[in-house]
Amino acid sequence: MSQQHNDWSRMLRTYLRVSLPLIPLFYIWGAQWLLSAVLWLRDSWNLPVWVQPASVALAAVASVIILFSYKTDGDRGADSKLAFQMALPIFVLFASLLLLLYLEVVNGYFVPLVRALFLSFFYVLLGVLFSRSLIYLGLWLFALTAVIGIGYLGFSPFVLELMGGLSLIVCGWILHSIGKKSGKSTAQTK
């Protein structure tokens, strides 16, 4: 039993070490979601239509820059493989959303619902690995998505993008604080 616990602890430390440099992605995409929620109100501001796609493109370019500047101090091949394995389920979920949009199975009001549901799943998954706080964040976002989907669907682009963006920023902050704690405990054990 002790061997399994040590293997699990070692695996979590490795996941955390690999994912710490990627935490700025949570802040970038959280800010993009917040901007998207504010731009939902653009009808009254008479903003050009290209502003929304430009904000997504800017966030994507910033993400690519961060991913290409990602450096590891260990075996880059093993760390890259682990990072890819961690990111693959998320990419599959978002590819599923894009497929649903392409097939026109969902309309514009349901896109924020599906994105928020995927995000709540992601938080619960991270929570199982790292912190109970992330499980609570995922359950909160799921409950909010259910309430908005059932009773206030017309407000889903604004409310879910606003709260989804804030939750991404909070998730980045939680992971950053977990990483700092893990770094301190690792330094104390050495």
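A few points about this structure:
- Carbon/sulfur fraction of accessible area - segment 87-133, other protein chains in place, 1.4 Å, %: 74
- Taking each residue as 0.36 nm, the span from residue 109 to residue 67 lengthens on full extension beyond its C-alpha to C-alpha distance by 12.0 nm.
- Stokes-Einstein diffusion coefficient of segment 110-189, Kirkwood radius over Cα pairs, 10 °C, 1.306 mPa s, in µm²/s: 120
The values are calculated or read from the model by the stated rules, or taken from the named source; none is laboratory data. What you see is a predicted model, and the numbers here were worked out from it, not measured in a lab. Calculation scope for accessible area: heavy atoms of the full protein, side chains included, ligands and nucleic acids excluded. Shrake-Rupley method; radii C 1.70, N 1.55, O 1.52, S 1.80 Å.
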